[in-house]
1. Once you've got the Cα coordinates, tell me which of K8/K202; K283/K305; K8/K40; K40/K237; K7/K237 are over 31 Å apart.
2. Please report the equivalent ellipsoid semi-axes of segment 104-166, computed as sqrt(5 x eigenvalue) of the Cα gyration tensor, largest first, in whole Å.
3. Quick one: accessible surface of K237, probe radius 1.4 Å, all protein chains present, in square angstrom to the nearest 10.
4. Can you tell me, using C-alpha contacts under 8 Å and at least 6 residues apart, the relative contact order of segment 1-147 as a whole percent?
5. With the Cα gyration tensor of segment 1-45 in hand, give its eigenvalues times 5 under a square root as the equivalent ellipsoid semi-axes, listed largest first in whole angstrom.
6. Go through L195, H94, L29 and say which Cα lies farthest out towards the positive end of the charge dipole of the chain; charges sit on Cβ, +1 for Lys and Arg, -1 for Asp and Glu.
7. For segment 154-283, what is Rg from Cα atoms divided by 2.2 N^0.38 Å, rounded to two decimals?
8. At 222 nm, what value in deg cm²/dmol follows for the chain if DSSP H runs of at least 4 each add -39500 (n - 2.57) and the sum is divided by all its residues, to the nearest 500?
Amino acid sequence: MNQPRWKKRPEGSNWGEFGPDDQLGRVNLIGTEQVLKGVKEVHEGVTFCLSLPLDIPGGKVLNPRRSPPKLTPTALGDDQYINFPLATHSPALHDVISDDQVQLSLQYSTQWDSLAHVGALFDGDGDGTPERRYYNGYLAEQDVLDLSGESAQWHDSYARRLGIETLATHGMQGRAVLVDLVRVFGAGRTLVGHLELMDALKQLNVVVERGDMLVLRTGFAEALLDMQGTPQPEVLKNTGAVLDGSDSALLEWITDSGIAAICADNYAVENLDRELAQSCCSKLPLHHHCLFKLGLPLAELWYLKDLAEWLHSRQRNRFLLTAPPLRLPGAIGSPVTPVATV
């Protein structure tokens, strides 16, 4: 009999509530009922692409670890397959072939975070020493692997559990609710805690229910797109609302609301610019609460302006969201081209 991965779970977490081997977390709440609720929001058959071009932001200013996409032709021997005439080797053939490949950071632009993206040091086995763990107690080096020193491997890293393919195979489709923070707070930097979010929901007449995907428009992606691939950090630092992950009441609302995911048009969803106290235990408290404790996936850098304006013109805020990530086994994040259907 296999030993359980953990004897105690973090305070305020839902580890084990969807089963001892669960890898979906709150995505379990996006079931057939939520899909049907989403379908009922389709009145006109209009669709909106919610993705930025995947070469935006541009450069490596927002995150020096993440590189923009680089396209190259596929090759066979010395032949580069871009505008390649097959007559090169078989003179009777008329075909001209172009075939390419891409190298990119999976969380460079419009993206999903998997539940393997952010973990924490936590003593789950009660031996007095914290382990590197992820949602539902999954372990670093056992479930999320660094293979960079093993030259025989196909990959240099691999999430054996909690990889992005779990969201892809489940199907990230269901009812979503848009909260247009730009309409309430403007496009400047606003720190949104529980009080501010409740005020926005009231002003916008938004009702959020269990299983909904919460979609937040802040204006950040719109400003980024206007910069045309040359991000201006000082301008962006003062652009768009950010959630206050240090607000315990906000985190409690996320738990109690039953939302299944948070999708935002900004970078990181939460405030990255706060000063850290010496006693502070998490640089990313919202990520810690959502990804590590609840198994609630986060999405970043979505483009929401056109959808928001359309919904506002019809006094609506709900829609069918279809947003599957790549089915790339072992990946920790994924680009996504979300589609809203109204």
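1. K8/K202; K8/K40; K40/K237; K7/K237
2. 23, 17, 9
3. 100 Å²
4. After rounding, I find 27 percent.
5. Working: eigenvalues 238, 26, 7 Å².
Semi-axis lengths for segment 1-45 are 35, 11, 6 Å.
6. Positive-end residue among those listed: L195.
7. Numbers: Rg = 16.6 Å, N = 130, 2.2 N^0.38 = 14.0 Å.
Against the compact-globule rule of thumb, the ratio is 1.18.
8. It comes out at -4500 deg cm²/dmol, rounded to the nearest 500.
The values are calculated or read from the model by the stated rules, or taken from the named source; none is laboratory data. Because the structure is predicted, anything quoted here is derived from the model rather than measured. FYI the Cβ positions are ideal-geometry reconstructions off the backbone, even for glycines, and counts take in every protein chain you see. Surface accessibility is based on the protein's heavy atoms, side chains included, excluding ligands, DNA and RNA. Shrake-Rupley method; radii C 1.70, N 1.55, O 1.52, S 1.80 Å.
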